[in-house]
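In what follows, a single structure is set out as structure tokens and then discussed.
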Amino acid sequence: MSAINLTIDGREIEVAPGTTILQAARQLGIDIPTFCYDPELAPNGACRICVVEVEKARALVASCVAPVGPGMVVHTESDRVVSARKSVLSLLLANHPLDCITCEKTGECKLQDYCYRYDVASSEYVGAIKDLSYDDTNAFFVRDMNKCILCGICVGKCQDVVGAGAIDFVKRGFVTNVGPGFEDPIEDSSCVFCGMCIDNCPVGALIPKYVTGKGRPWQTESVPAVCPYCSLGCNINLHIKDNEVIGVSPVEESPVNRGHLCVQGKFGWDFVHSGDRITAPLVKSDGVFVEVSWEEALDYIVDSIKDVQSRFGPDALMGLGSPKASNEDNYLFQKLIRSLGTNNVDSYTCHCHASSVDGMVEAFGNAAATNSIAEVAETGAVLVIGANPEESHPILDYRVREAAQKGAELVVAVPDMVKLVDVSDHYLPLKQGTELALVNGLANVIIAEDLLDKAFVEKRTEGFDQFKKTVDKYTPEHVAEITGLTAEEIRAAARAYASAEKAAIVSDAAVNKQTGGADFVKALANLALLTGNVGRESTGVYLPYGENNLQGSADMGVHPNNVTCYQHLKDEKVREKFSRAWGVRISENYGLSAAEAFEAGKNSGIKAMYIMGENPVACGGDKAQIADYMKNLDFLVVQDIFMTETASLADVVLPAAAFAEKLGTYTNSERRVQLNQPALEPPGEVFPDWAVLVELAEWFGFEWDFAGPEEVFAELASLTPDYAGISYQRLSEGGLQWPCPADDHPGTKFLYQDSFSRGLGLFSAVEYDPEAEAESDGHSAACCTSGGHSCRCLSETITRRSVISAFKNSCCV
Amino acid sequence: MSSEAEVADINQDIDLSQVDSIVEPYLGKKEMLIPVMQKVQEHFGYLPRPAMEHVARRMRIPLSRLYGVTTFYAQFKMKPRGRYIIRVCKGTACHISGSPKIAERIEEILGIPGGETTDDLKFTLEEVACIGACALAPVIMINDNPHGRLTPDKMKEILDSYE
């Protein structure tokens, strides 16, 4: 169909057929007021504030729903239009409290703005007014429905985008209201406190509690930041007044969260201002921590580590980097530990993440998520298995929902009924721990019914024959017995996944022994390889991590065997490159992994440990054993924002700056490197991790010359081909997804378009192990299959000190 | 006994297996929500909360949406109703002939305002638009029985005639 030409306010424009008058006007920069219009919700033309005059049309038309027509002549501010808008405003004001003087929304209230614009000071209509009581039942926000103008955007977000379904229009006529079923308090509803109703409310009906009385919008500064919780790395704006965060809003144009948030991003930042923050270096003396100067603390650390290394050798030291600290922090951390002559550097992340990394590396050659988060929404079929994104990665859950709404076949294979089932086509309530058997069963059906992508299997993969032999045993009937499903359900799900032109698999990096660990991840990769659903847009395997910078800390070489971006230390050229760049000799010895170091009953030979922003004692498999291990060290230094369970066992505790207090980059689960601006001055004697590490390096006698994180990043980018084209200058305009090898490279949206990191994709013959369930330890049993949260021990360290600990449904508390 | 306590007591006796048999043919058919709720109401006489919650769960529809639908349509009753439904005609002819006084008198006798149900679940008092018996104005219906040419002093006797 050809484009349509029309005139709006005397200006001509050409737009695609189906464009609404509102959209066309916005393209011209003409501001038509709206209340009930939201670009991602179906327009309903309810509020009538967006009416415009179309020449030759009988009545005014609602521009949000009226499509453009050829030759249309539109007036957006004619006398008729203005008069109609005044009436609409007057009708709204007739039943709206005019307490703007104290209303928190003043300054960013659409009703106020439009009344100002059209000079409507009071209502010409007199009638009944609503007198509803506040809903003040929850820890997060107040609902004052007397101010609600019934635009319905909150309902759309809650029902369609988030899927929480907590609120809807209730009753009708004058008493129509927005609220939960039976008008229960919001606290008792299915509300997930994502705050998106608040962010999108045009008036002051929904007010976050933290903001009350703290400041007007025009008094606050908005600083872009990256959410410090899960690995999706949502873009947020921190609202700052007097060195205090008084609110958070999502970044509308973010490619990651597109104006969406969850409870953690919206409400979880208050830990930054917790009274529990460590604000000065602490040294333990007679079992009690005393505050000391930075000089004393650094002196003590340098002497103690030198002493241990001189007595037991360089490999008696181990460093644990942090999946919550920035890339720069982690890069410098492993640089310092390696400069001290050992490769004993790792991250003590939950061991279930490690199995997911192993599985992905074996199949594809790289652990990173194959595709971008936004691509899920455009896929043709989604298999959700071994995960509950609703709790662990809500933004990903929203994208899965969006895909389903756009017509994707949705298969949800989880033991417990989750919200996503509401919009699924295939719900497979399988027995916990039988996920791997089901995945093999799906592969069996796909092969048996000839639904595989033969060309892809032939050209891009290896190991098919052995794999086929294994899954041949997993007939739908056999798998039905194992999983408790029916053979027909299994067949239907396999057809749904394999028949779509593009299909994606959504799971969680926090897979555990119970679901089959690395083998389960390999089975998922098999399915993607079998159907050619990898290496193309809107396909792939999604295994998002729990921690915000787990991807980045791994990229930065916080790993015993590789330096930045998986450059392996067994490669002499890599050792040479880094040795030359750093001016030190990098050890040829492999380092110990955290798991090896902490293995019960083994003498790892570690005598001193430097832990930056991790809390192994609280999240280890055997907490008591790890605590004993820490106590038996000759020297332990912990750098953290709080006195964690691990820090309390240290000889020296160094305070660290929180995310909002430092400049740095973070890499999310889709390999997107994003810049986080400092919004606050750190409290007391607190410095960012990178600055502490630079100072410490100097005390050790290394000649590091970094004026700031930007220079640290420049160094790491120069040594890391995948990051080579990324710079702070480019990042200030938006995140970049690695591999980004050159300054003019746009970054990589999805991986493996032409080949896998390991060459061919590898099929793995993996078997369901019925014993695994019995073997699983207490830690992993609680995690992963129905939500990855319990692995997120570091998050717990901060959520415990946040209002979000009040959210009873939040499993990270 | 307050009507809320009454509702709570009655709700305890809701037999959800009855709801199951109503819902089952409609699983996966969210567009059939209104007929389902009509059948549930037919069974219980109103929409008990436990039944609503059960329908929401089984049909995978948020409770808020279900409640939104059932409170939008006047046909759905969220509270138990009496054995006898009194419908006071408020049409023009009845209004002119004194139906407000009739309604007032019934409210006085039963001790409930329009729209409510007596604690013993005997009567529910409703006002309706014209019932099409203007010749009998002012007129009321009690279940299917019309009573016409009323005066306030006749009301006690009429109501007492219902056991």
Discussion item. Go through segment A:49-65 and report how many residues are touching a helix residue (DSSP H, G or I) at 6+ places or on another chain (Cβ under 8 Å) and assigned to a loop (DSSP other than H, G, I, E, B).
Written reply: 5
Response to the item:
Note: among A:538, A:579, just one is outside the structural domain of residue A:338 (by TED's automatic domain parsing) and over 15 Å from residue A:348 (Cα atoms), namely A:538
Worksheet entry | Residue satisfying all of: in segment A:233-252; hydrophobic (A, V, I, L, M, F, W, C) and over 28 Å from residue A:372 (Cα atoms); surrounded by the most Cβ atoms within 10 Å (Cβ to Cβ) among these | A:245
Worksheet item: assigned by TED's automatic domain parsing to the domain that holds residue A:12 and either at pLDDT below 95 or closer than 30 Å to residue A:805 by Cα (or both), is that true of residue A:42?
Response: yes
Discussion item. Can you say whether residue A:533 is closer than 23 Å to residue A:375 by Cα and either within 23 Å of the chain's Cα centre (by Cα) or part of a loop (DSSP other than H, G, I, E, B) (or both), as far as the supplied structure shows?
Written reply: yes
Worksheet item: For segment B:1-36, what are the residues that are part of a helix (DSSP H, G or I), surrounded by 13 or more Cβ atoms within 10 Å (Cβ to Cβ) and at pLDDT below 85?
Response: B:3, B:6, B:7, B:10, B:11
Worksheet, complete the sentence: Of those in segment B:59-86 that are over 13 Å from residue B:33 (Cβ atoms), basic (Lys, Arg) and in contact with a helix residue (DSSP H, G or I) (Cβ under 9 Å, 6 or more places away or on another chain), the residue nearest to the other protein chains (Cβ to nearest Cβ) is B:79
Item to complete: Scan segment A:172-216 for residues that are among the β-branched types (Val, Ile, Thr), more than 14 Å from chain B (Cβ to nearest Cβ), in a loop (DSSP other than H, G, I, E, B) and under 20 Å from residue A:41 (Cβ atoms) and jot them down.
Response: A:203
Fill in: Single residue of A:298, A:261, A:238 found to be of a type in the set (A, V, I, L, M) and assigned to a strand (DSSP E or B)
A:238
Item to complete: Would you check if residue A:666 is modelled with pLDDT of 95 or more and of a type outside the set (D, E, K, R)?
Response: yes
Worksheet entry | Residue in segment A:369-382 that is among the charged types (D, E, K, R), within 14 Å of another protein chain (Cβ to nearest Cβ) and in contact (Cβ under 8 Å) with a residue 12 or more places away in the chain present | no
Worksheet item: Which residues, counting only those in segment A:445-458, are in a loop (DSSP other than H, G, I, E, B) and surrounded by 13 or more Cβ atoms within 10 Å (Cβ to Cβ)?
Response: A:449, A:451, A:452, A:453
Worksheet item: Could you say which residue among B:133, B:56, B:51 is in contact with a Pro (Cβ under 7 Å, 6 or more places away or on another chain) and within 14 Å of another protein chain (Cβ to nearest Cβ)?
Response: B:56
Item to complete: Return the only residue of A:510, A:493, A:480, A:554 being at pLDDT 95 or above and surrounded by 24 or more Cβ atoms within 10 Å (Cβ to Cβ).
Response: A:493
Worksheet item: Does residue A:73 meet the test of being at pLDDT 95 or above, among the aliphatic types (A, V, I, L, M) and within 44 Å of the chain's Cα centre (by Cα)?
Response: no
Response to the item:
The condition from (1) at pLDDT 95 or above; (2) more than 9 Å from every other protein chain (Cβ to nearest Cβ) that residue A:169 misses is numbered (2)
Worksheet item: Which of the following residues is out of contact with any helix residue (DSSP H, G or I) (no Cβ under 7 Å at 6 or more places or on another chain) and either more than 28 Å from residue A:645 (Cβ to Cβ) or modelled with pLDDT under 95 (or both): A:251, A:263, A:290?
Response: A:251
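Per-residue answers, yes or no, for (1) buried (at least 20 other Cβ atoms within 10 Å of the Cβ); (2) more than 14 Å from chain B (Cβ to nearest Cβ); (3) under 15 Å from residue A:506 (Cβ atoms):
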site	(1), (2), (3)
A:407	no, yes, no
A:418	yes, no, yes
A:421	no, no, yes
A:426	yes, no, yes
A:430	yes, yes, no
A:433	yes, yes, no
A:436	yes, yes, no
A:460	no, yes, no
A:467	yes, yes, no
Worksheet item: Taking helices (runs of 4 or more DSSP H) that fall entirely within segment B:37-148, which contain at least 2 residues that are crowded, with 18+ Cβ neighbours inside 10 Å?
Response: B:49-59, B:63-72, B:99-110
Worksheet item: Is it true that residue A:81 is of a type in the set (A, V, I, L, M) and in contact with a Lys or Arg (Cβ under 8 Å, 6 or more places away or on another chain)?
Response: no
Worksheet entry | Verdict on residue A:255 being surrounded by fewer than 24 Cβ atoms within 10 Å (Cβ to Cβ), touching a residue at least 24 places away in the same chain (Cβ under 8 Å), under 27 Å from residue B:73 (Cα atoms) and more than 11 Å from every other protein chain (Cβ to nearest Cβ) | no
Worksheet entry | Out of A:22, A:41, sole residue that is part of a loop (DSSP other than H, G, I, E, B), closer than 24 Å to residue A:156 by Cα, aliphatic (A, V, I, L, M) and in contact (Cβ under 8 Å) with a residue 24 or more places away in the chain | A:41
Response to the item:
Residues in segment A:303-336 that are buried (at least 24 other Cβ atoms within 10 Å of the Cβ) and hydroxyl-bearing (Ser, Thr, Tyr) total 3
Fill in: Residue among A:128, A:164 that is modelled with pLDDT under 95, within 14 Å of chain B (Cβ to nearest Cβ) and assigned to a loop (DSSP other than H, G, I, E, B)
A:164
Discussion item. Quick check on my filter: what residues within segment B:88-123 are of a type in the set (Asp, Glu) and within 17 Å of the chain's Cα centre (by Cα)?
Written reply: B:107, B:116, B:119, B:120
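The values are calculated or read from the model by the stated rules, or taken from the named source; none is laboratory data. The model shown is predicted, which means the values in this text are computed figures rather than measured ones. Neighbour counts are summed over all protein chains in view; Cβ atoms, including those assigned to glycine, are modelled from backbone coordinates with ideal geometry.
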